[in-house]
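Working notes, structure below.
The values are calculated or read from the model by the stated rules, or taken from the named source; none is laboratory data. Quick caveat, the model's predicted, so the values are computed rather than measured. Every residue, glycine among them, receives a Cβ derived from its backbone with ideal geometry; neighbour counts consider all protein chains shown. These area figures cover heavy atoms from the full protein model, side chains too; ligands, DNA and RNA do not enter into them. Shrake-Rupley method; radii C 1.70, N 1.55, O 1.52, S 1.80 Å.
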Amino acid sequence: WKHGGIVGVLGYGGGVIGRYCDRPDLFPEVAHFHTMRINQPSSKFYNTDILKRLRELWERRGSGLTNMHGSTGDIILLGTTTNELEPIFYELTHDLNMDLGGSGSNLRTPSCCLGKARCEWSCLDTQAITNDITHEFQDEPYRPAFPYKFKFKTSGCPNDCVAAIARADCSIIGTWRDQIRIDQEAVKAYAAGELAPNGNAFDTGPSALDIQKEVCDLCPTRCMEWDGKTLKSGDEECT
């Protein structure tokens, strides 16, 4: 593995992972097999057209192998030769309006969950935060100056769907900072079997939800109480 310097694109010290075969005499087709990291859009939203164009570019100038996505979050394009790096970089930036991601001892490409765009649990605008971080530290992914890699990841709520706590150096987690809101009429409807549990994801049809077992007993701080009619929450104990 070689991060920048050995092989890369003009002006960038990151974004390309140089990979060479130790026996090019035996395996000439993979004498070079460089990997390119591509900066993914916030929350990984794509339209069909850009995916088709990205696929076409890599089929034409690379191996056609992709990883959607790497552990950092980037689009990973696996396997191309040194002479194709600059043409690929030119087409990415000029035709597809995309940039390389971070690689090496630098700031890695910031990533985030779906946030307010699609998730009802999000307490943060994760995409705005990721966009701000990307622009504020624009040089850091491409001009490595750190002794080691550094990652920002942003999750809109404590469910932490991008594993920010486990896989980032700076974890940004949205938390609820208000009194807990409970729709008592909806709670009664669930308890009476009028609403399907889990959004009917298991297609079991209407069935009564055991509020005590499925809600109160699963609360990490045991701050919720159910008397058969009303669901109560101790806000001061809720985490």
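A few points about this structure:
- Every residue from the range 20-55 that is free of Cβ contacts under 8 Å to residues at least 24 places away in the same chain and within 22 Å of the chain's Cα centre (by Cα): Pro41, Tyr46, Asn47, Thr48, Asp49, Leu51, Lys52, Arg55
- Of Asp49, Asp22, all but one fail to be farther than 26 Å from Val162 by Cα and loosely packed, with under 15 Cβ neighbours inside 10 Å; the exception is Asp22.
- Every listed requirement among (1) in contact with a Cys (Cβ under 9 Å, 6 or more places away or on another chain); (2) modelled with pLDDT under 90; (3) more than 21 Å from Trp121 (Cβ to Cβ); (4) not charged (D, E, K, R) is met by Thr221 save one, (3).
- Long-range neighbours under 9 Å by Cβ, at least six apart or interchain, first residue more than 20 Å from Gln127 (Cβ to Cβ) within the range 145-167, second among the hydrophobic types (A, V, I, L, M, F, W, C) and part of a loop (DSSP other than H, G, I, E, B): Phe150/Ala168
- You will find that of Glu140, Glu120, the residue that is open to solvent by 80 Å² or more (accessible area, probe 1.4 Å) and not in a helix (DSSP H, G or I) is Glu120 and no other.
- Per-region count, the range 20-75, residues closer than 19 Å to Phe89 by Cα and outside any loop (DSSP other than H, G, I, E, B): 23
- Within the range 56-67, one or more residues are open to solvent by 40 Å² or more (accessible area, probe 1.4 Å) and within 30 Å of Asp125 (Cα to Cα).
- One residue stands out among those in the range 157-172 that are over 18 Å from Gln40 (Cα atoms) and buried (at least 17 other Cβ atoms within 10 Å of the Cβ): the one that is nearest to the chain's Cα centre (by Cα), which is Asp160.
- Every listed requirement among (1) in contact with a strand residue (DSSP E or B) (Cβ under 6 Å, 6 or more places away or on another chain); (2) at pLDDT 90 or above is met by Asn159 save one, (1).
- All conditions but one from (1) farther than 22 Å from Leu114 by Cα; (2) modelled with pLDDT of 90 or more; (3) touching a Ser or Thr at 6+ places or on another chain (Cβ under 8 Å); (4) open to solvent by 70 Å² or more (accessible area, probe 1.4 Å) apply to Phe146; the one that does not is (2).
- Pairs where the first residue, in the range 178-192, is surrounded by 14 or more Cβ atoms within 10 Å (Cβ to Cβ) and the second is in a helix (DSSP H, G or I), C-beta under 6 Å, 6+ apart: Ala191/Ile211
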